[in-house]
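Every number in this text was worked out from the coordinates using simple rules, so none of it is lab data. In this text the structure is predicted, and so the values were computed from the model without any measurement. Positions of Cβ are generated from backbone atoms using ideal geometry, with glycine treated the same way; all protein chains shown enter the neighbour counts.
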Amino acid sequence: MAALKNADTFIVDIPTIRPHVLAMATMHAQSMVIVRLTDADGVEGIGEGTTIGGLSYGEESPESIKSAIDTYIVPILESCDIAQVGATMAKIAKYVRGNHFAKCAVETALLDMQGKRLGVAVSELIGGGRVRDSLPVAWTLASGDTARDIAEGEEMLSLRRHRIFKLKIGKREMRADVAHVGAICKALGDRASVRVDVNQNWSEAQAKLGMAMLHDVGCDLVEQPVAGDDIAGMARLSVGQAVPLMADEALHGPRTALRIASAGAAGVFALKIAQSGGLFATAEVAAIGSAAGIGLYGGTMLEGSVGTIASAHVFATLPELAWGTELFGPLLQIEEILRDPLAYGDFSLAIPTGPGLGISLDEDKVAYFRRDRTAPLLHAVTAGA
Ligand code: MUC
Ligand code: MG
């Protein structure tokens, strides 16, 4: 029996290394909700709930994730044996509808604790267990400027950090976007795989033409060209297009995965732990995709290190991961809040092997970046000074 002793939920805001331009928002910082649970024996677990651009990407914001955890989920945890992770999450599902990002953060913290209790990595607690120790990692070129994106792609190739690039399009006129993608495909040639993410910003007619044009300029994959709830449109676009369509915003867990698979509405699934509702649910989405012959890709909500490593533990259990992953979130931020930075190199991310998530927070950095910090900032300017 393990009883919850303490829950600390806080938001950290960390600037990005450059503006990150998406169809629905331009990010200058990322806001992440960190939940830290401690049981009566002193075992601690951490989890993360992160979205993009406030409420511009999805239906949960950093503030709503924190409030759902503090107000509704922690009281349920107080009534559970939290060493029974499946039973605890089932009880939360009974009393809290939706709120996938909040649930994912809590499930991650519970699994981190459970792994530490059992002395195993989180990846050993999911599906059939761990099958790989590293993951290929894509980078997103989204400076908003073609020449700068090409220079950034060249730099990533020469550093041997990334050779898969995702371009964020859908903000400009479709033909201007295709010209931008074509210029990058031409510059990087067969040294890289170039893919795009439209973040739902095209109509079906634009997508029909756009996907054909993107294929002609050398693009390998088109992510969520139309609205995520337009499963029929996604199915029509998937038929007869040479470039595969990847479902992202359309996927919200196993039921939507089954609907998309049954409709033939995607050739690839972008697996996201928060959007799916947790690590266990993501493994179910992956199983549905695999059974339907759909290719798998490890997606991100541009999480920081905690959410990134939680995702990595799930993706580590997938024997087939044909499209790699995009677990680069921490590299887009100016600082990591971990004691030991994540190990990126040779186009991959190494998955920690220690118990639980295998990572620990750097308390000084947490104190500095948390939104509710009470510690004085160095060189703080007082009002009126
Ligand atoms: C998304 O829509 O996939 C992932 C990488 C990136 O740059 O943005 C995200 C969100
Ligand atoms: Mg996407």
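Restricting the calculation to Cα atoms, segment 125-350 shows an Rg/Rh of 0.95 when the hydrodynamic-style radius is the Kirkwood one. Overall dimensions of the chain, expressed as equivalent-ellipsoid semi-axes from the Cα gyration tensor (√(5λ), whole Å, largest first), are 33, 25, 19. Based on DSSP, what percent of beta bridges with both residues in segment 252-374 are antiparallel, to the nearest 5? Restricted to segment 252-374, the bridges split so that about 40 percent are antiparallel. Put simply, the amide H of residue 121, placed in the peptide plane, has neighbours under 5 Å in 356, leaving out anything fewer than 5 places away on its chain.
Comparing 155, 223, 336 in a Gaussian network model of the chain (Cα springs below 10 Å), the most mobile by mean-square fluctuation is 155. For the chain, DSSP calls about 55 percent of its internal beta bridges antiparallel. Taking packing as the residue-averaged number of other Cβ atoms within 10 angstrom, the listed peptides 22-32, 160-170 run from highest to lowest as 160-170, 22-32.
Sequence-ordered 3J(HN,Hα) estimates for segment 164-180 from the Karplus curve with 6.51, -1.76 and 1.60 and θ = phi - 60° stand at 10, 10, 10, 10, 8, 10, x, 8, 8, 4, 4, 5, 5, 4, 5, 5, 4 Hz, glycine and proline given as x.
Put simply, the amide H of residue 338, placed in the peptide plane, has neighbours under 5 Å in 362, leaving out anything fewer than 5 places away on its chain. The trypsin sites (Lys or Arg not before Pro) of segment 47-111 that DSSP puts in a loop, and whose beta carbon has at most 16 other beta carbons within 10 Å, are 97. Of interest is the spacing of the C-alpha centroids, which for segment 49-87 and segment 268-329 amounts to 20 Å. Given R0 = 30 Å, the distance between the Cβ atoms of residue 204 and residue 322 translates into a calculated FRET efficiency of 0.70.
If you take all other residues with their beta carbon under 14 Å from the beta carbon of residue 333, and give Lys and Arg +1 and Asp and Glu -1, the sum is -4. Pairs of Lys residues in the chain are counted when their Cα atoms are under 18 angstrom apart and they lie 8 or more places apart or on different chains; the count is 11.
The order of the peptides 246-259, 354-367 by mean Cβ neighbours within 10 Å, most packed first, is 246-259, 354-367. About its Cα centre, the dipole of segment 127-281 is roughly 340 debye, where the only charges are +1 on Lys and Arg Cβ and -1 on Asp and Glu Cβ.
Given a 10 angstrom Cα cut-off, can you work out which residue in 352, 225, 341 is the most mobile in a GNM of the chain? Result for the chain, Cα springs under 10 Å: 341 fluctuates most. Loop-resident GluC sites (Glu not before Pro) (DSSP state other than H, G, I, E or B) in segment 78-131 with no more than 16 further Cβ atoms inside 10 Å of their Cβ: 78. Using just its DSSP H runs of length 4 or more, each adding -39500 (n - 2.57), the chain gives a mean residue ellipticity at 222 nm of -10500 deg cm²/dmol after division by all residues. Sequence-ordered 3J(HN,Hα) estimates for segment 214-224 from the Karplus curve with 6.51, -1.76 and 1.60 and θ = phi - 60° stand at 5, 4, 5, 8, x, 7, 8, 7, 10, 9, 5 Hz, glycine and proline given as x.
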